[in-house]
1. So, R0 is 41 Å and r is the distance between the beta-carbons of Phe162 and Ala85; what FRET efficiency does that work out to, to 0.05?
2. Can you tell me the dipole magnitude for the chain around its Cα centre, using point charges on the Cβ only (Lys, Arg +1; Asp, Glu -1), in Debye to the nearest 20?
3. Can you pull out the trypsin sites (Lys or Arg not before Pro) in region 28-90 whose DSSP state is coil and whose Cβ has at most 11 other Cβ atoms within 10 Å?
4. So how much slack lies between Ser5 and Glu107, counting 0.36 nm per residue of separation and subtracting their Cα-Cα distance, in nm?
5. Between Phe91, Phe106, Phe52, find the one with the highest GNM mean-square fluctuation for the chain; connect C-alpha pairs within less than 10 Å.
6. Please turn the phi angles of region 120-132 into ³J(HN,Hα) values with the Karplus equation 6.51 cos²θ - 1.76 cosθ + 1.60 (θ = phi - 60°), one per residue in order, whole Hz, x for glycine and proline.
7. What Rg and what Dmax come out for region 81-157 when only alpha-carbon atoms are used, in angstroms?
8. Taking Rh as the Kirkwood radius, which is the inverse of the mean 1/r over Cα pairs, what is the Rg/Rh value for region 45-120?
Amino acid sequence: MALSSKETALHTRIVTRADERLRFLEALVRINSGSANLPGIEAVGDRVKPAFDDLGFTTHWHLPERGHQRERAARSLVARRKGAAGATPIFVTAHLDTVFEPADGFEGFRVEGERAIGPGIVDCKGGVVAILAAIDALAAEGMLDRVDCRVVLGGDEETGSFESRDVVEQEASGSAFSLCWSTGRSSWSMRTSPCVGFAT
């Protein structure tokens, strides 16, 4: 199916900035953010937050008073951008933590052909970079005002999202669409799952 002129423009914007996005992905991947590594999770969030600020989002940190089965909770990044009157409300989510702790030994970043390899590239630092690329392209083409966009990047997804669940449900409530940017497939097919209770 041929792309429309708008779709072509969005694609061109994303492709044109691909090298920049790859460098940003590398910067995130080189920060260990295993679910038990709270300073690492926060460091990844600190790199991501200015990118949303630059796109006109209002951002803040969600931090529960206590963690789930630990003293401290992981913080989650919340970003919101209001669209024009009548804009469609959408909810977007991904996460900042990975399954790989410093002791696991899976570290670093490398590119082999068309593949980038490193902890969190697919799940879910690549998802975070893809979200920013998509939003940037929509903004560049004057299309971002069509949506009220709310984003939550959880800090504890790999351990069950117990600490971020409340803010995810709060921000997702009332959305026409909920999109989770996690774990692509090698076949390029889209992964789908029900979002019961997230879009009401």
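The values are calculated or read from the model by the stated rules, or taken from the named source; none is laboratory data. Small disclaimer: the values here were computed from a predicted structure and weren't measured. Note: ideal-geometry Cβ built from the backbone for every residue, glycine included; neighbour counts use all protein chains shown. The area values use the complete protein model at the heavy-atom level, side chains included, leaving out ligands, DNA and RNA. Shrake-Rupley method; radii C 1.70, N 1.55, O 1.52, S 1.80 Å.
1. E(calc), rounded to 0.05, equals 0.65.
2. About 420 debye.
3. Filter output for region 28-90: Arg66.
4. Extending this stretch completely gives an extra 32.6 nm.
5. Comparing Phe91, Phe106, Phe52 in a Gaussian network model of the chain, the most mobile one is Phe106.
6. Each residue of region 120-132 in turn: x, 4, 8, 9, 8, 5, x, x, 4, 5, 5, 4, 5 Hz.
7. Cα only, region 81-157: 15.9, 50 Å (Rg, Dmax).
8. 1.07
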